[in-house]
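Written out below as structure tokens is the structure these notes cover.
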Amino acid sequence: MSRAALMNNYGTPPVTFVRGDGTELWDDRGRRYLDFLCGLAVTGLGHAHPAVTEAVAAQAGTLIHTSNLFANEPTAEVVETLDRLIRSGPGGDTEPGRILFQNSGAEAVEAALKLARKHQGRGRHGVVSAYGSFHGRTLAALAATGQPTKHEPFQPMPEGFRHVPFDDFGALEAALDPTVGAVVLESVQGEGGVVPAGDEYLQAVRRVCDERGILLVMDEIQTGLARTGRWFGYQHAGVQPDVVTMAKALGNGVPVGAVWARPDVAAAFVPGDHGSTFAGQPLALAAVRAVLAQMQAMDAPAVADRLGADLRDRLLAIDGVDSVRGRGLLLAAELSEEAGAGRSAKDVASACLDRGLVVNGVTPTALRLAPPFVVSTEQLAEGCAILAGVLERGWGATRSP
Ligand SMILES: *Cc1c(COP(=O)(O)O)cnc(C)c1O
């Protein structure tokens, strides 16, 4: 058994995918699926996107890795483009920021937390984040994650983290004592159930952080790079953060994360403060360069906005879907109690998988849908028909191989 060597960290996977093309996946039995999950909001340009494939293949045949002791060729353009997109909303018309590459989301959050500590100084190392948030699995990112059950097996957590109810400005303001140096928020809580922050909430948080010299760190790892219908989710609220973390969609599946900070904050990091052997390597950066070029050429935020509205309408028309929340192409469908009939969204997702649709249960009662920007309206209709069939025709019936 080839799986014997893997730790039992994810349970038993139901399917082995062997190939992908755009919105479609094929498993090792030759069955076709529609991918409305994108590997957790990662493959925004779809599977095997020709421009990304070509960029990665060409870079792999040229130079994969040299370490951060040396510069590499794709980086300058990526940094320029990312900085421009991060500051392309209201309040972003400022001096260019600076970027540090990492290999994953949790590492980007970890780097942001260390940067905030270094910039704010000892005694102002406190971090306030929201219940229901998800910021990653390393110890500090886990401490920022507002899910006490995920902390429990790993106590004690690093010191200085506290959590407040999401989208409740009074609660957040009350938690801001002089030890707090940073507030960390998602513009839409992704893992927490696809729950958007109110625009006025983020505006009020921005204001109070300005008044008290607290850094506003927006974790855009799931929402960033066009997924919500803007380049970054905070741009819906018209606020500009001090620090931004990115990862998931950045490499269309090639592992890469990044943290951006406004220049005076970024200046807190000097050589020796933080590092990573792999981070920012030519292979990953070549993928990012291709992803950013494609996303800009197709105007990915506009696409996510338009297709997201279409998907929302289709979902709301399904018997068994009570409501739909989220932004752009990051949506959650809340299932009605009748449709659920005692079954969890996880069971619904698993029945969808049996019928060729990849989604996941993001809460016990809600499905997450995050199709790629290259999904066609026919594929949106096909995916929604599969879900409608699952919610309508009862359970246990699987398609024939
Ligand atoms: C997925 C996610 C992370 C963690 O990213 P990894 O690459 O899995 O470490 C952090 N924050 C948010 C908002 C995420 O959605």
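The values are calculated or read from the model by the stated rules, or taken from the named source; none is laboratory data. Predicted, not measured: the structure shown is a model, and the values here were computed from it. Please note: Cβ atoms are built from the backbone with ideal geometry, for glycine as well, and neighbour counts cover all protein chains shown. Note: areas computed on protein heavy atoms with side chains; ligands, DNA, RNA excluded. Shrake-Rupley method; radii C 1.70, N 1.55, O 1.52, S 1.80 Å.
Divided by 2.2 N^0.38 Å, where N counts the residues, the Cα radius of gyration of region 45-148 comes to 1.36. Working from the Cα coordinates of region 1-47, the gyration tensor eigenvalues give, after taking √(5λ), semi-axes of 22, 14, 8 Å in decreasing order. Here the alpha carbons of region 68-120 define both size measures, Rg and Dmax, at 12.9, 36 Å. Largest to smallest in accessible area, the residues T179, T228 fall in the order T179, T228 (1.4 Å probe, all protein chains included). Relative to the first principal axis of the alpha-carbon coordinates of the chain, what is the inclination of helix 300-316, with its axis defined by its Cα atoms, in degrees from 0 to 90 and to the nearest 10? Between helix and principal axis, roughly 40 degrees.
The accessible area of S350, taken with all protein chains in place and a 1.4 Å probe, comes to roughly 60 Å².
Here, region 321-361 yields an orientationally averaged convex hull projection of 3.0 nm² when only Cα atoms define the hull. Per residue, the chain exposes an accessible area of 43 Å² to a 1.4 Å probe, with every protein chain left in place.
Could you tell me what percent of the DSSP beta bridges with both partners in the chain are antiparallel, to the nearest 5?
Details: 32 of 50 bridges.
In the chain, DSSP labels about 65 percent of beta bridges as antiparallel.
With the convex hull drawn around the C-alpha atoms of region 261-356, the volume per residue stands at 219 Å³. Histogrammed with a bin width of 10 Å, the alpha carbon distances of region 278-317 distribute as 26, 31, 24, 15, 3 percent, first bin at zero. The alpha carbons of region 342-392 give a radius of gyration and a Dmax of 10.8, 35 Å, in that order.
Would you work out the relative contact order for the chain, in percent, from Cα pairs under 8 angstrom that are 6 or more residues apart? If you can, show how the numbers build up before the last one.
Details: 820 pairs, mean separation 90.0, N = 401.
After rounding, I find 22 percent.
Based on the Stokes-Einstein relation at 4 °C and a viscosity of 1.567 mPa s, and on the Kirkwood radius from alpha carbon pairs, region 146-205 is assigned a translational diffusion coefficient of 100 µm²/s. Rank A258, A60, A116 by mean-square fluctuation in a GNM of the chain with C-alpha springs under 10 angstrom and give only the top-ranked residue. Per the Cα network of the chain with a 10 Å cutoff, A60 tops the list.
Among A182, A249, A58, the residue with the largest mean-square fluctuation in a Gaussian network model of the chain, with springs joining Cα atoms closer than 10 Å, is A58. For the chain, with all protein chains present and a 1.4 Å probe, just round the carbon and sulfur fraction of the accessible area to a whole percent. Of all accessible area on the chain, carbon and sulfur atoms account for 54 percent.
Enclosing the Cα atoms of region 166-237 in their convex hull gives a volume equal to 85 cubic angstrom per residue. The alpha carbons of the chain stretch over 61, 53, 44 Å along the principal axes, in descending order. Within 14 Å, Cβ to Cβ, of A293, how many net charges do the neighbouring residues add up to if Lys/Arg are +1 and Asp/Glu are -1? Once positives and negatives cancel, what remains is -2. Helix 50-60 and the long axis of the chain differ in direction by around 50°, with both axes built from C-alpha atoms.
Between 0 and 90 degrees, rounded to the nearest ten: what's the tilt of helix 377-392 against the longest Cα principal axis of the chain? Helix 377-392 sits roughly 70 degrees off the main axis of the chain. Neighbours of V15, meaning other residues whose beta-carbon lies under 11 angstrom from its beta-carbon, give a summed charge of -1 when Lys and Arg score +1 and Asp and Glu score -1.
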